[in-house]
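All remarks here apply to the structure that follows.
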Amino acid sequence: MSIWQVTVKLTGEQDIAGEILQAAADADTISFLRDQDDEPWDVICICQTKPDQTRLDLAAQVLKTDFAMHLTQPVISAVPDIDWLQKNWLDMKPLDIGRFWIYGTHITDDVPTGKTGIQLDAGMAFGTGNHATTHGCILLAEKHIKPQGNAMIADIGAGSGILAMVAAKINSSSRIIAVDNDPVAVAVMQENVTHNNTADQITCSISDGYQSAVVADHMPYDVIMANILPLPLIAMADDAAKALAEGGKIILSGLNVKHAEDVIAAHEAAGLSHVESLPIGDWMAVLMEKPRKSSGEGNHG
């Protein structure tokens, strides 16, 4: 099957540009890359059918005239017939994040002394740890998940299950509900969880956010991890607050730095308190906490 790509260099609001270019190209995915904050974005749309140059040129003109953006003419090219998922995976070096060593099955070296290994194989699920949002979540999890005690933890939008496995490795007594709305992701997650000997702690299931019975049945949670996207996080803020135990913490990520304030504000409106933010490049991980009721005498375990 032929795969096509559209490439553009862009200066301006990339979210708006992304929506318009993705629609004009009928693209399956779109990515934005840049090395420095003051450089133009390299925009790449991946399409299963050849895009229409006229539609793309019209979209570019709309971005220039209606949104005052600067961008190059969209260029359509064929993508070589390569298994990009497998290629990217084989090119990926082990990731050294906090106490964790995250590596693929193609890595034959031993896990370094003092590190906790998590092995992930290539699969159609988001979350290999190499994105700054996952990196930030892991560092906050390491800081805020207590290593002892029977903690109840949820990983919402769990993808590959990497954050759930991190939590399981931090606290071997914890019980973790890991859910995703993509059945393929849940299948990959189950394989990863089993392979990393954490299946006795982690329940993998399908759920659209907090909506499934398996999520509701295990409330309240001491810790919730949600590495998704800004709009779904904002939409689920009330559900997150209800699902947390008093004194419970939620790690929010998948945020560009500029979206963090809106996500924090939505969760503050739901009754949570902002504890800290961890920026990594253009991305941000945020920790919020559900305050304990002042009249309560702390019977939460």
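The values are calculated or read from the model by the stated rules, or taken from the named source; none is laboratory data. In this text, all values refer to a predicted model and were calculated from it rather than measured experimentally. Because the Cβ atoms are built from the backbone with ideal geometry, glycine has one as well, and the counts that use them run over all protein chains shown.
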Candidate set from region 91-116 (those that are modelled with pLDDT under 80 and loosely packed, with under 11 Cβ neighbours inside 10 Å); member that is nearest to residue 134 (Cα to Cα): 93
Residues of region 34-55 that turn out to be surrounded by fewer than 19 Cβ atoms within 10 Å (Cβ to Cβ) and either among the basic types (Lys, Arg) or over 16 Å from residue 258 (Cα atoms) (or both), as a count: 14
First in region 171-184 and assigned to a loop (DSSP other than H, G, I, E, B), second anywhere and charged (D, E, K, R) and at pLDDT below 95, Cβ under 9 Å, 6 or more apart: 171/146; 174/146; 181/208
Residue in region 271-288 that is without any contact (Cβ under 8 Å) to a residue 40 or more places away in the chain, assigned to a helix (DSSP H, G or I) and of a type in the set (A, V, I, L, M, F, W, C) present: no
Any hit, region 249-272, residues being exposed (fewer than 15 other Cβ atoms within 10 Å of the Cβ), of a type in the set (Val, Ile, Thr) and either under 15 Å from the mean Cα position of the chain (by Cα) or closer than 22 Å to residue 165 by Cβ (or both): yes
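Conditions tested, residue by residue: (1) more than 21 Å from the chain's Cα centre (by Cα); (2) at pLDDT below 85.
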residue	(1), (2)
30	no, yes
34	no, yes
41	no, no
44	no, no
47	yes, no
50	yes, no
Matching helices (runs of 4 or more DSSP H) fully within region 187-254 where at least 2 residues are within 23 Å of residue 285 (Cα to Cα) and at pLDDT below 95: 230-235
Pair list, Cβ < 9 Å and 6+ apart or interchain, from region 51-75 residues that are among the basic types (Lys, Arg) to residues that are surrounded by 13 or more Cβ atoms within 10 Å (Cβ to Cβ) and part of a strand (DSSP E or B): 64/71
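I'm checking my understanding of the structure. Among residues of region 169-188 that are under 16 Å from residue 149 (Cα atoms) and touching a strand residue (DSSP E or B) at 6+ places or on another chain (Cβ under 6 Å), which one is surrounded by the fewest Cβ atoms within 10 Å (Cβ to Cβ)? It would help to see each step written out before you state the result.
Within region 169-188, the subset under 16 Å from residue 149 (Cα atoms) is 169-176.
When the remaining residues are screened for being touching a strand residue (DSSP E or B) at 6+ places or on another chain (Cβ under 6 Å), the result is 169, 174-176.
Working: 169: 22, 174: 24, 175: 19, 176: 28.
The extreme case among them is 175.
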Residues located in region 189-207, provided they are surrounded by 21 or more Cβ atoms within 10 Å (Cβ to Cβ) and hydroxyl-bearing (Ser, Thr, Tyr): 198, 207
